[in-house]
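For reference, the structure is listed below as structure tokens.
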Ligand code: GLA
């Protein structure tokens, strides 16, 4: 509590495979990335005052006025208030948010902001508590009943490693990411609006299916045959996606990018046809990337409905990721969120 200046950083994440599995207790294979959100500030007694290089307006809230989340303006102040309600910080700060992470692109900009804010507010609990806190803050701030994919990836990231997360018990296995491969992320140009995007509807369908056939990660495709229509398709995605994550994790451990790439492309088809969270722009981008020499596979990443596509390729195969849609990045598996006191 003696230092008054601070810097905190929370990375974004890219999910290599395993989307819409977290809230069903399934599996994912993400990594934290070297794009993220940094907050630099100075502590002060009783207010939280923030400006941002990417988001409009100045957030200014008293430590004791966190009960007005739903109506707070500017809109991003709702994240600040929701995190403050969770952390109950002992003192305030005045600071600046800088971001290299595109917002609304499927790279977890909101979870990164929430986790950076919690660290700036001197959250002193365990890493898993930090992840759970950010998940609750997301629900309180914008009403999205998200799983823990984003928060666990951001908190537990490790340089040079992807992670296999089992959401049945939130167990994390760090898997070295091969040095001869690149992860390329390309923005589709379609901004994704999670709250507007039927995310909660998809989650409800999965819960309905699990009530009928038991936990989806343990179910088989044959089990899903007893379900009908939309519920069956949603369940079939989760069941098949969990199996793809198991196989992709094994292939990554064996440095077998051909298999990982094939599984990524199958994952996209499942998200498109069974889970129905893709768009034609994302589909076309996946096709373009797939036809690029040196690319093993590509898929939408995150919730879908726009945002980014992730591709796995040979190192240097896509030397200018901006050349495809105008916005792209070669990202590297990176360390998790941290606080650096000046
Ligand atoms: C969003 C949510 C996550 C997860 C993904 C889809 O990023 O925040 O919890 O459900 O979508 O895999």
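For the stretch 40-145, what does the alpha-carbon gyration tensor say about shape, rounded, prolate or oblate, given a ≥ b ≥ c as the root eigenvalues, a/c under 1.5 as rounded, and a/b over b/c as prolate? It is rounded, given that a/c, with a ≥ b ≥ c, falls under 1.5. Relative to the longest principal Cα axis of the chain, at what angle does helix 77-87 sit, 0 to 90 degrees, rounded to 10? In the chain, helix 77-87 runs at an angle near 80 degrees to the longest axis.
Based on Cα atoms of the stretch 246-317, Rg over Rh with Rh as the Kirkwood radius reads 0.97.
Take the chain, connect every pair of alpha-carbon atoms lying under 10 Å apart with a spring to form a Gaussian network, then pick out the residue of 240, 108, 28 with the largest mean-square fluctuation. Of 240, 108, 28, the most mobile in the Gaussian network model is 240.
Between residue 96 and residue 204, full extension at 0.36 nm per residue minus the direct alpha carbon distance yields a gain of 35.1 nm. Placing dummy labels 7 Å off each Cα toward the beta-carbon, the span from residue 144 to residue 253 is 3.2 nm.
Dimensions of the stretch 278-342 from C-alpha coordinates, computed as largest minus smallest value along each principal axis and given longest first, are 46, 28, 20 Å. The Cα atoms of the chain cover 58, 47, 33 Å along the three principal axes, with the biggest extent listed first.
To the nearest 0.05, how large is the calculated FRET efficiency for residue 136 and residue 73 if R₀ is 25 Å and r is the Cβ-Cβ distance? E(calc), rounded to 0.05, equals 0.70. Compared with the dominant Cα axis of the chain, that is its longest principal axis, helix 257-273 is turned about 80°.
Per-residue extension of 0.36 nm, minus the Cα-Cα distance of residue 220 and residue 126, leaves a gain of 30.3 nm for this segment.
Between residue 315 and residue 159, residue separation times 0.36 nm minus the direct Cα-Cα distance comes to 54.5 nm.
Work out the FRET efficiency for residue 46 and residue 340 from their Cβ-Cβ distance, taking R0 = 30 Å, and round it to the nearest 0.05. Plugging the Cβ-Cβ distance into 1/(1 + (r/R0)^6) gives 0.80. What's the Cα-based Rg to Rh of the stretch 192-300, Rh via Kirkwood? Ratio value, two decimals: 1.01. Using the Cα coordinates of the stretch 139-252, the gyration tensor eigenvalues translate into equivalent-ellipsoid semi-axes of 27, 20, 15 Å, sorted from longest to shortest. Where the centroid of each part is defined by its Cα atoms, how far is the stretch 92-163 from the stretch 165-237 in Å? Using only Cα atoms, the two centres lie 20 Å from each other. Counting only alpha carbon atoms, the long axis of helix 199-213 and the longest principal axis of the chain meet at about 50°. Rounded to 0.05, the FRET efficiency of the residue 54 and residue 323 pair, given R0 = 22 Å and the Cβ-Cβ distance, is 0.40. Springs join every pair of Cα atoms under 10 Å in this Gaussian network model of the chain, and among 103, 288, 159 the largest mean-square fluctuation is at 288. Each stretch of four or more DSSP H residues adds -39500 (n - 2.57); spread over every residue of the chain, this sum gives -11000 deg cm²/dmol at 222 nm. Specify whether the C-alpha gyration tensor of the stretch 113-200 places it in the rounded, prolate or oblate class, a ≥ b ≥ c being the square roots of the eigenvalues: rounded for a/c under 1.5, otherwise prolate if a/b is larger than b/c and oblate if not. Oblate, since a/c reaches 1.5 and b/c is not below a/b. When the Gaussian network model of the chain links Cα atoms closer than 10 Å, the mean-square fluctuations of 293, 127, 145 top out at 293.
Since every read-out is calculated from the coordinates, none of them should be taken as a lab result. No experiment lies behind these values; they were computed from the predicted model shown. Every residue, glycine among them, receives a Cβ derived from its backbone with ideal geometry; neighbour counts consider all protein chains shown.
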